[in-house]
Each structure stands twice: as C-alpha cells, then as structure tokens.
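Asks: Take this structure first; my questions come after.
Bear in mind that the values in this text are calculations on the coordinates, not laboratory data. Just so it is clear, the structure is predicted and the values come from calculations on it, not from any experiment. Positions of Cβ are generated from backbone atoms using ideal geometry, with glycine treated the same way; all protein chains shown enter the neighbour counts.
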Amino acid sequence: MKFKRIRNPLPIVTIPEAFQRAVFENPDRIALMMKIGDKWEKVTYKELMKKVRRFASYLKKIGVKKGEHIALRGANSFEWIISALSILWLGGVIVPLDARLTLSEVLHFMKLSDTKFIITDDSAIDSQDEVRYLFFKDINRLMGETEIEMTKYEPEELAVLFSTSGTTSDSKIAMLTHKNIISNISQMYQALFFKPGDTQFLILPLHHVFPFTVAFVLSLTLGLTISIGRSLKPNEMKEDLIHTKPQIFIVVPLLLEKVVKGIEKEIKKQKIIKKGMLKIFEGISIPFLRTNFKVASKTLFRPIRKGLGLERLRYLISGGSALPVWVSRKLELWGFPILQGYGLTETSPVLSVNPPSRPKNASVGLPLPDVEIKIIEPIDGIGEIVAKGDNIFKGYYKNENATRNAFIDGWFRTGDLGYIDRYGYIYIAGRAKSVIVTKGGKNIYPEEIEEKLQDIEYISEVLVTMEIDERSNTEELTANIYPNWEAIDNYCKENNIPVDNDKIYEIISKEIQKKNEHLADYKKIRRIVIRDEEFPKTAAMKIKRYLFIDKGKILK
C-alpha cells in the first residue's frame, strides 16, 4: 500500500522564493501571531516580507555575505523567524542552536560549524571579542527603511546546519539544502491536506529540525498562520491554544504523554455516567471503534477537546521519537486526529506518516510520496531501515568519513531497526546502537519495554539498560525511573500512608511486576533505579541514552 497523492508536487525552489510566492498569494493573511505581555500581536505576510527585506538590508550593510554561516540562539519569537528568513534572503546559512546550551558549548559548536556571527538573546555573548553578534531585541530598531532584493541562488545550495540529536553518541552537523527542505514539504503537501488560512500551533523549539521544517518553513511557504506558544507551562499553553484554535499541531511524545495524563485527571472529575461510558469505550478495540463508534466517541469527548482549544484540529502530528501505543490509542479514543510520523535530522526530517484515513497505532505509517524505504540485513524479520529521496541530506559538515558511513549503495542508513508489514506500514523496533544483546544471544529492544512501562501511572520517564549484579556477575535488565511525583503523592494521600523512598519503590515495583507477567523471561525487569531528577534530553525531548550509567536496587 502506498500513500494516495491528494495533490501534485510543489516546484523545487529556494525557501525565500517559496516564501515570496506565499506572500504574493496571501498578502493580508496573518503570518505570525503571539501573545506578548497582555496583547496578541499579529504580523501579516506583507508586513513580514517588509521586515525580512529591511533586516536583510541591514545584515548586508554590516558585511554579511552569501554563504556565510549565522547562528540563531533563543526562544521562539517573531524576531527568530524574521532573522532566519533574512539570512536565507541574502543566501546565508542558518545555524540553529539550542537555547539551553552553555556559552562554552555555543562557542564550541560555532567553531565546529565555522560560524563567526550569532543572533541571540543571551547577553553573555557580549564578553566574547572574537564573535560578531546581535541581539533579537534590537532587530526592529536596526531595520531602517531600505528594502533589499532577494539574492538569487540554486535550490541545491546549503540552507541550514543542524546538530543531530545525539541520543546514542556525540552529535554531528547535518547539512540540509533548500532542495532537501522544500522537497520534504512537497512530499507532505502531496499526502496531507494543508491550506492557506490554516493555523499551526508552534510550541517546539525552532532549533530542532521537526518544527523548523514542518511548523516554520511549511507554514510560511503554504500560506498558513503560525501561532507561537509562549511556553510549555500548562496554563499558558492552554490559554494560547484556546485563543488560536489551530488546525495543525505538531508535538513530541513526551508532551503528548503529559497531555494524556492531564486529561485523565480531568475525566476523573466528570459525572459518573461519563466515567462509566469511558470505561466502556476503553474496552473497545480501535478498529471496531473506528467502524462503529467514531461519531459517538467524538461527541462524548468534544468538551475535552474544546476545553483545550483543539476542537478544530485536523492533524495532531507526533514525531521526534516513538509514540507509545497507549498514548495514541487514548487520544484516538477521545477523538483527537493523532498521526504518528517518523524521520531524522538527516532526512529534513519526515520520511513517513500514518495516513489519516487508515492509521495504525503501533506503526509510524507509510513512506511519503517520492520517498523510498526498505529494510536491509534482517534478522528474525527485523533489520535496519534505509531511505532514498530528495529530502535526504547533503552529508555531515567537514566529516567525510561519517558521511561515507551513512550511506550504503546510495541508500541512507537511518540507524533504526524495524520492519515493514505486508501493507507497507513501517514499524520501529529501536535504535541499532541501543539494542541489548544478552549473554545468551537474545536481542532486547529497550524502547519496546520502555513503552510498556510508560503506561504505569506512577512513572514519568523510564530508561531500560542492562546492568551486571556485582555479587553474582549475572545480567539484570534495569528500569531507570523518574517517578510521577504527583500521582504517587495522590496515591499516598488517598490511602493515608506516608511518602518515603521505600513506599515509592514499593508502589512502582508492584506495577512493574504486573508488566513482567506479560514479558518473556529474558525481557523481565530485575532491577529498579529511582531517580530524583529528570533525565537529560535532546532538543527533541528524547533521553540521552548514552549518558546514563546509574545502578540501583535489585527487584526481588
């Protein structure tokens, strides 16, 4: 089965050319909106173009040249987007940086990427004599009145340098061209329905390729409105969503897990009849629900969606890492149009997505139009996922060896293990580098077990590793856990028991024992580690697996 194309491909041009076309077709449409202070600020496409041309003129005036690398480091804002478009307008190359990086990390990455100019909101850069810089807060003041024409160049030229997420090793610098990014937008445009006037809610940081391509570039080249969320604080995000009522919302699984758990809390407050209906619906299989109860489910849970500002939502797209089946199932049960996708920084990023008409909860969907995917070197049906398409990156910056190793016979090696079912749907088993091979030769995919454990109410985050018991020198599969403190606190209050370390361990271990009953013996959790702080994460909110080396108690 292949994705049904609903439209013809887009012309492959540079990002500024695609933006210019969107401005011509939608001059008075709102391009950007955001609550700043107590007021909702808005910028039309025509106004945004004027700002881009004026700031590009200023950048050229101070010596910025075609091909120059310019870093952007700061929170999502009008100024971030204006800066990015202005850099591309001049033919420059954007280097998006994580706002959480320390100054020394920023300087190190700038050196690796040959970047000597940065636009930032961090005043600490002021102390660095060797770095040219501007502050986002000064952009409007610096613009002036002169508007510059767009620099002409080819789509095959470099657009952006992204740090790869680095969950299993140190990150590299991926080179994405204008052709890579516009091709990926064209692939999505052929598969999903986006139209001018749609509002897309942006809450993920723009230094990550998923929101950069799918929220920023796609929106402003297809005539959509970007509503920029102020923060991940639940009250602020909810207020922003209710005000904008988006049709498109891209998210990562960690955010969706928190949303689901929040909704479950609200449902517990509902009347008995609604809670009773919920129990009935939760017992129904998703295929049966889609066929027989879709309208009833949407009606029953409409107040939940409306209360979050998501009653107009057409696509809730999850990417960045694997979405647990229990999360997607509950969202579909509640009438949310959840679509899980798959991709990497090196693929600009989207390779596949679930078709809206036939989604499969455990799958990452079908390859997008003009994307080829296959499995190589399978063992017991599971092998490495490789891909081809115009969205595949140019290579790693100044790293020919890594670039060479990233391809096999012209196919990009994703480093992910998985399989394709007879209908063409792709399933991810885990990262090739994450696979745990036991002494007995069994392969354990930690992500598979983590997904099952994540369903436990008292677990907020979990990472599965293999540890060696020092007393017996035996292997023990270990669940490293950051608890859901609120759920544990509520449990202890309801049962009138004190909250202490032993009780936390007892509550969680009891639930894990239940999960163990449904796992093969070599996949059973034998040890638990309780952490008192969240795991370190990448920009895509994935746990940095390679950093974790803790040990913990043995689960009897």
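Asks: Looking at the structure I just gave you, is Ile87 closer than 20 Å to Phe212 by Cα and in a strand (DSSP E or B)?
Replies: For Ile87, the condition - closer than 20 Å to Phe212 by Cα and in a strand (DSSP E or B) - is not met.
Asks: Need the failing condition index for Asp240 against (1) within 19 Å of the chain's Cα centre (by Cα); (2) of a type outside the set (Phe, Trp, Tyr); (3) closer than 28 Å to Lys537 by Cβ, just the number.
Replies: Just one mismatch for Asp240, condition (1).
Asks: Specify which of the listed residues (Thr474, Thr478) is touching a Ser or Thr at 6+ places or on another chain (Cβ under 8 Å) and over 30 Å from Ile203 (Cβ atoms).
Replies: Thr478
Asks: So, in the range 533-545, exactly how many residues are under 23 Å from Ile504 (Cα atoms) and either polar (S, T, N, Q) or without any contact (Cβ under 8 Å) to a residue 24 or more places away in the chain (or both)?
Replies: Counting residues in the range 533-545 that are under 23 Å from Ile504 (Cα atoms) and either polar (S, T, N, Q) or without any contact (Cβ under 8 Å) to a residue 24 or more places away in the chain (or both) gives 1.
Asks: In the range 207-230, is there at least one residue being surrounded by fewer than 24 Cβ atoms within 10 Å (Cβ to Cβ) and among the small types (Gly, Ala, Ser)?
Replies: Looking for residues that are surrounded by fewer than 24 Cβ atoms within 10 Å (Cβ to Cβ) and among the small types (Gly, Ala, Ser), one finds at least one in the range 207-230, hence yes.
Asks: Turning to a different aspect of this structure: Identify, from the list Glu467, Glu506, Glu476, Glu451, the residue that is outside any loop (DSSP other than H, G, I, E, B), among the acidic types (Asp, Glu) and more than 25 Å from Arg545 (Cα to Cα).
Replies: That would be Glu506, the only listed residue that is outside any loop (DSSP other than H, G, I, E, B), among the acidic types (Asp, Glu) and more than 25 Å from Arg545 (Cα to Cα).
Asks: Suppose we filter Val95, Val43 for residues that are in a strand (DSSP E or B) and in contact with a His (Cβ under 6 Å, 6 or more places away or on another chain); which single one remains?
Replies: Result: Val95 is the single residue among Val95, Val43 that is in a strand (DSSP E or B) and in contact with a His (Cβ under 6 Å, 6 or more places away or on another chain).
Asks: Which strands (runs of 3 or more DSSP E) does the range 343-448 wholly contain that include 3 or more residues that are farther than 17 Å from Ser183 by Cβ?
Replies: Because the criterion is at least 3 residues that are farther than 17 Å from Ser183 by Cβ, the strands (runs of 3 or more DSSP E) in the range 343-448 that meet it are 372-379, 382-388, 411-420, 426-431.
Asks: Give the number of residues within the range 101-119 that are touching a residue at least 40 places away in the same chain (Cβ under 8 Å) and surrounded by fewer than 24 Cβ atoms within 10 Å (Cβ to Cβ).
Replies: 7
Asks: Filter the range 185-203 down to the residues that are surrounded by 24 or more Cβ atoms within 10 Å (Cβ to Cβ) and either more than 26 Å from Phe162 (Cα to Cα) or free of Cβ contacts under 8 Å to residues at least 60 places away in the same chain (or both) and list them by number.
Replies: Gln200, Phe201
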